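Participant: What follows is a single structure, and I will ask about it in a moment.
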Amino acid sequence: MVLMTTEQAAEFLGLQPCTLADWRWQRKGPPWIPVSRGCVRYDQATLQRWLTERTVYEIPE
């Protein structure tokens, strides 16, 4: 398991760190791990799966 900080995860996803923070507050976005109060991490493999699940191969009509 490769754990990433919010900043690392945001870079991996091509997002701003504040976007991930907002998504955590809204309970949406990729799964995250609360390590301690104010300290969260993201598993790199989980982020990759989260992206893959959202890949669109066909444009819906």
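Throughout, read-outs are computed from the coordinates displayed, never taken from laboratory work. The model shown is predicted, which means the values in this text are computed figures rather than measured ones. Quick reminder, even Gly has a Cβ in these numbers, built from the backbone with ideal geometry, and neighbours come from all protein chains shown.
Participant: Which option, (i) 4, 16, 23, 20, 12, 11, 8, 5, 1; (ii) 4, 17, 28, 26, 11, 7, 4, 2, 0, 0; (iii) 4, 20, 30, 27, 14, 4, 0, is the value of P(r) over Cα pairs in 5 Å bins from 0, in percent that was calculated from these coordinates?
Facilitator: This structure yields the entry labelled (ii).
Participant: Here is a further query. How about segment 1-43: which trypsin sites (Lys or Arg not before Pro) there are in a DSSP loop, with at most 10 other Cβ atoms within 10 Å of their Cβ?
Facilitator: Those satisfying the criteria are Arg27, Lys28, Arg37.
Participant: Also, quick follow-up: Within a 10 angstrom radius of the beta carbon, how do Val2, Val40 rank from fewest other beta carbons to most?
Facilitator: Going from least to most buried by this count: Val2, Val40.
Participant: In whole Hz, what ³J(HN,Hα) sequence does segment 5-19 give by Karplus (6.51, -1.76, 1.60; θ = phi - 60°), x for Gly and Pro?
Facilitator: For segment 5-19, the Karplus-derived couplings read 6, 4, 5, 5, 5, 4, 5, 4, 8, x, 10, 8, x, 5, 5 Hz, x marking Gly and Pro.
Participant: Related question: Looking only at segment 29-61, which residues have a backbone nitrogen under 15 Å from a spot 7 Å from the Cα of Glu7 in the C-beta direction?
Facilitator: Residues 39-42 qualify, since their backbone N sits under 15 Å from the label point.
Participant: With n ≥ 4 as the cut-off for DSSP H runs, can you work out [θ] at 222 nm for the chain, using -39500 (n - 2.57) per run divided by the number of residues, rounded to the nearest 500?
Facilitator: -13000 deg cm²/dmol
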